[in-house]
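Scroll down for the structure; my scribbles are underneath it.
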Amino acid sequence: MPFLGQDWRSPGWSWIKTEDGWKRCDSCSQELRSENGQYTINHSIILNNGEEEIFSNECEYAAKKRKKEHFGNDTAAHSFYREKWIYVHKESTKERHGYCTLGEAFNRLDFSSAIQDIRRFTYVVKLLQLIAKSQLTSLSGVAQKNYFSILDKIVQKVLDDHQNPRLIKDLLQDLSSTLGILVRGVGKSVLVGNINIWICRLETVLNWQQQLQNLQMTKVNSGLTLSDLPLHMLNNILYRFSDGWDIVTLGQVTPTLYMLSEDRRLWKKLCQYHFAEKQFCRHLILSEKGHIEWKLMYFTLQKYYPTKEQYGDTLHFCRHCSILFWKDYHLAWLLKDSGHPCTAADPDSCFTPVSPQHFIDLFKF
Amino acid sequence: MPSIRLQGSDGEIFEVDVELAKQSVTIKAMLEDLVMDDEGDDDPIPLTNVNVAILKKVTQWCTHHKDDPPPPEDDENKEKQTDDITVWDQEFLKVGQRTLFELILAANYLDIEGLLNVTCKTVASMIKEKTEEIHKTFTVESDFTEEEEAQMRKEKLV
């Protein structure tokens, strides 16, 4: 069996065991460390297992470039992480360029580091939610393991920093109801893997739901509170909410906030953000004086139409190479690297952002 | 690089590079006034609403963002986005609640748009999706009477 190293004389790769499976450890990072002693690299560069030659060549090139670029300039270097990408083939021919199902994409796109970045967090959670609603039965064993391990990380993160609790509660609700139906109803014929594993997973999900339910924030006696902020600051914050319930809930805390939360312009902006003019006209609600009741309209419209989805960062699809990848703006600036080995003449024009639903659709045949 | 001296609310003097200080519209305006007066430039600029510890944090932020392009015109869509914060800013703002609020007040007083934006986004993302019980950790005890609270609970059923 020929040894497929960088060249036939190389001593081979070193591997480290991670919770996502065995990963190849890049020796470039050791080289860099010895030659450029003053630059510290906190994360060793880890290559995904099973990458093709082209990826390892890219790493070499990237490593050389890094030696030339002044790595120490940027104190954010410690947040450098390796790009992941997957080829998505569109036509169902007999030849395939690699294994590309939803589960495989899930493995390769490294969502576990993506959730640490708040720009990608909501996007990944939405993806998990869509998978929970309809795609659980299409995941392979490894993909299932990854799915639940990422979910575990997400739940721990929420229990830790208390951010986005409602989002995760919705996700767990969808997941537990789907799992309930699958385990008790359709069951063994559809689920991949031993039914007992699925029952265990259902119990874990119910456990997580219970933990989130009991989530208490400890009161911090810090002296400075929301009430110390001037009115226009509180207003500034209110205008940043994209969910009406957040405005209502905040308004219930003090009379000042209540007054600010009842402001008509606030609700008008919210309606205009989520819904179109045509939709307003169909559900117009007027007060006795003839003014538009924007707050009532918001909650009415919400029942009929989907609200706007917006994410800090999403996966991108390169139409030229037919590759799905994360864009890393920092890397892109530093190394002129778009996140995947792109062969297009004008890379930027080929990239489109991928919505969560679009991601699921890419893998449907 | 020429530097100017700022005096915090606690009386302490803090020296900072002029170009960095000009990211603050308030300081920039004060400097323009001082030049007009043509007084000795040894007097530190008094900043009665900011203490030096927070000034140091603000300077740290300004140093990292000194080469930022000016923000685009008010984008309607961007207003509702609370998660488009760079990784550096995310790490920078991993501070206690008190420091975060002090940073907002400082950014407001010194009129530094970028810092104000990113701190308000952070507070908004901390507050959202929580219940009003948890909101009380962010603020003082409710000033509502019992009847008012009951009334509001009824209205919430809208």
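The values are calculated or read from the model by the stated rules, or taken from the named source; none is laboratory data. In this text, all values refer to a predicted model and were calculated from it rather than measured experimentally. Positions of Cβ are generated from backbone atoms using ideal geometry, with glycine treated the same way; all protein chains shown enter the neighbour counts. Protein only, heavy atoms only, side chains kept; ligands, DNA and RNA dropped before computing areas. Shrake-Rupley method; radii C 1.70, N 1.55, O 1.52, S 1.80 Å.
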In region B:95-123, what residues are open to solvent by less than 10 Å² (accessible area, probe 1.4 Å) and outside any helix (DSSP H, G or I)?
-> B:Ile112
Selection within region B:64-94 - surrounded by 14 or more Cβ atoms within 10 Å (Cβ to Cβ) and not charged (D, E, K, R) | B:His64, B:His65, B:Gln81, B:Thr82, B:Ile85, B:Thr86, B:Val87, B:Trp88, B:Gln90, B:Phe92, B:Leu93
Helices (runs of 4 or more DSSP H) completely within region A:77-140 that count 1 or more residues being over 25 Å from A:Arg319 (Cβ atoms), in contact with a Leu (Cβ under 7 Å, 6 or more places away or on another chain) and at pLDDT 75 or above | A:118-130
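Within region A:289-298, restricting attention to residues that are surrounded by fewer than 17 Cβ atoms within 10 Å (Cβ to Cβ) and within 12 Å of chain B (Cβ to nearest Cβ), which residue is farthest from the chain's Cα centre (by Cα)?
Step one: filter region A:289-298 for residues surrounded by fewer than 17 Cβ atoms within 10 Å (Cβ to Cβ), giving A:289-293, A:296.
Checking the rest, the ones that are also within 12 Å of chain B (Cβ to nearest Cβ) come to A:293, A:296.
Numbers: A:Glu293: 36, A:Leu296: 32 Å.
Within region A:289-298, the match that is farthest from the chain's Cα centre (by Cα) is A:Glu293.
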Selection status of A:Glu203, outside any helix (DSSP H, G or I) and either exposed (fewer than 13 other Cβ atoms within 10 Å of the Cβ) or within 12 Å of chain B (Cβ to nearest Cβ) (or both) = no
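Going residue by residue through region A:207-222, is there one that turns out to be more than 14 Å from every other protein chain (Cβ to nearest Cβ) and out of contact with any helix residue (DSSP H, G or I) (no Cβ under 7 Å at 6 or more places or on another chain)?
Start the filter on region A:207-222 by keeping residues that are more than 14 Å from every other protein chain (Cβ to nearest Cβ), which leaves A:207-211.
Narrowing the set further to residues that are out of contact with any helix residue (DSSP H, G or I) (no Cβ under 7 Å at 6 or more places or on another chain) leaves A:207, A:210.
Yes, because at least one residue in region A:207-222 is more than 14 Å from every other protein chain (Cβ to nearest Cβ) and out of contact with any helix residue (DSSP H, G or I) (no Cβ under 7 Å at 6 or more places or on another chain).
What residue, among those in region A:299-313 that are more than 30 Å from A:Lys327 (Cα to Cα) and open to solvent by less than 50 Å² (accessible area, probe 1.4 Å), is nearest to the chain's Cα centre (by Cα)? Steps first, answer last, please.
Start the filter on region A:299-313 by keeping residues that are more than 30 Å from A:Lys327 (Cα to Cα), which leaves A:299-305.
Adding the requirement that they be open to solvent by less than 50 Å² (accessible area, probe 1.4 Å) leaves A:299-301, A:305.
Details: A:Phe299: 28, A:Thr300: 30, A:Leu301: 28, A:Tyr305: 24 Å.
Restricting to residues being more than 30 Å from A:Lys327 (Cα to Cα) and open to solvent by less than 50 Å² (accessible area, probe 1.4 Å), the top hit is A:Tyr305.
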Name the residues in region B:92-103 that are facing chain A (nearest Cβ under 9 Å), of a type outside the set (S, T, N, Q) and in contact with a helix residue (DSSP H, G or I) (Cβ under 8 Å, 6 or more places away or on another chain), would you?
-> B:Leu100, B:Phe101, B:Glu102
